[in-house]
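Participant: One structure follows; several queries about it will come next.
Quick note: the coordinates plus some simple rules give every number you see, no bench work behind them. Everything quoted here is computed from the prediction, not taken from an experiment. Neighbour counts are summed over all protein chains in view; Cβ atoms, including those assigned to glycine, are modelled from backbone coordinates with ideal geometry.
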Amino acid sequence: MTMYEPLTDLFRSSRFMTLDFANITPGTPSAEDIRQFFTDCEQQGINPRLPQYRQQFNDQMLKHTGARYLVSRYGEDRREMLTGSQIAAEGRTLHMGVDIFCHDLETVFAPCDGSIVRTGREPEDHSYGYYLIFQPDHIPIYFFFGHLSKEQVSTGPVRAGDSIARLGDFIDHENGGWSRHLHLQAVRRLPELPTTPNGYASSSNFAKESYRYPNPLPYFPEWRIR
């Protein structure tokens, strides 16, 4: 089954961004080293975890690399990103999807024929904000899209390439209070209402959670990330 780009130019203009400080390699250019960015901010008395400063780093790296999107790795340890949050307090710092960071509030498209089976909103800080769940017609999986704007289409059938949402912004807390990005997560079973998929796992339950929420990247075989 052919899978199309859920964001314009995603397949040809993506670059990996490392958010696990332990995996940032020596010699990484300063414009791509978020650990160095955090250090610089903290020396100035700035909280680098606030969305406007995370967006500042993302924009800096996008300009430096010439890419349109920055993509996180599945299962990445986000403990430095989550310091001070309830998620970190629970020991759940392994990210169960991939995040696609960008400069603009991009339009989200259906990656194949299917149906939007659920839309909703989490209003809390450090939440998904507006979200939707997409069910492909011919793949036994669901795709969860988080951090969207309130401008969404209704539930029901859609065709590949149809516009289904737009990314939300942090300015009015539309996206849950994060820098501009799309949270993409594969889900084996539709979550029961009112719950949403667990976005993070602990090291002790990662194996169980990775079965429930497998790596979404293999479902997009034409997506090449440098």
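Participant: Quick one: net charge of His95's neighbours, Cβ under 11 Å, K/R +1, D/E -1? Provide the component values of the computation, followed by the final result.
Facilitator: Working: positive: Arg73, Arg78, Arg79, Arg92; negative: Asp20, Glu76, Asp77, Asp99, Glu209.
Here the charged neighbours net out to -1.
Participant: Let's see if you can work this out: charge +1 on each Lys and Arg Cβ, -1 on each Asp and Glu Cβ, no other charges. What is the dipole magnitude of region 43-132 about its Cα centre, in debye to the nearest 20?
Facilitator: Its charge dipole is roughly 140 debye.
Participant: Arrange Met1, Met81 by Cβ neighbour counts within 10 Å, fewest through most, would you?
Facilitator: Fewest-to-most ranking of Met1, Met81: Met1, Met81.
Participant: Anyone know which of Ala67, Ala22, Ala201 comes out most mobile in the 10 Å Cα GNM of the chain?
Facilitator: Ala22
Participant: Cα convex hull of the chain: mean projected area in nm², to one decimal?
Facilitator: Mean projected area of the Cα convex hull: 11.9 nm².
Participant: Still on this model: Could you work out the relative contact order of the chain? I mean the mean sequence separation of Cα pairs under 8 Å and 6+ apart, divided by the number of residues, in percent.
Facilitator: 24
Participant: Pro157: net charge of surrounding residues, Cβ under 11 Å, Lys/Arg +1, Asp/Glu -1, itself excluded? Display every interim value, and only then the final one.
Facilitator: Numbers: positive: Arg159; negative: Asp113, Asp137, Asp162.
Net charge around Pro157: -2.
Participant: Next question, about the same structure. What residue among Gly114, Gly84, Gly168 has the largest mean-square fluctuation in a Gaussian network model of the chain, using Cα springs under 10 Å?
Facilitator: Gly84
Participant: Which GluC sites (Glu not before Pro) from region 1-105 combine a DSSP loop assignment with at most 13 other Cβ atoms within 10 Å? Before the final figure, lay out each step's value.
Facilitator: Details: sites: Glu32, Glu42, Glu76, Glu80, Glu90; in loops: Glu76, Glu90.
Loop-located and lightly packed - Glu90.
Participant: Taking the Cβ of Arg79 as the center, what net charge do the other residues with Cβ under 15 Å away carry, scoring Lys and Arg +1 and Asp and Glu -1? Let's see the in-between values first.
Facilitator: Numbers: positive: Arg35, Arg49, Arg73, Arg78, Arg92; negative: Asp20, Glu76, Asp77, Glu80, Glu90.
After counting each charged neighbour, the total is 0.
Participant: Here's another thing I want to ask about it. Do any GluC sites (Glu not before Pro) in region 92-171 lie in a DSSP loop with no more than 14 other beta carbon atoms within 10 Å, and if so, which?
Facilitator: Passing sites in region 92-171 are Glu124, Glu151.
Participant: When the helix-only estimate is applied to the chain (DSSP H runs of n ≥ 4, each -39,500 (n - 2.57), divided by the residue count), what is the mean residue ellipticity at 222 nm, nearest 500 deg cm²/dmol?
Facilitator: Value at 222 nm, helices only: -4500 deg cm²/dmol.
Participant: Return Ile164, Ile139 ranked ascending by Cβ neighbour count within 10 Å, so the fewest neighbours appear first.
Facilitator: Values: Ile164 21, Ile139 15.
Least crowded to most crowded, the residues run Ile139, Ile164.
Participant: Tell me, His173, His64, His138, His147 in order of fewest to most beta-carbon neighbours within 10 Å?
Facilitator: On the way: His173 16, His64 13, His138 8, His147 26.
With the sparsest Cβ surroundings first, the list reads His138, His64, His173, His147.
Participant: Note the direction-averaged projected area, equal to a quarter of the hull surface, for the Cα convex hull of region 1-102, in nm².
Facilitator: Average projection, Cα convex hull of region 1-102: 7.7 nm².
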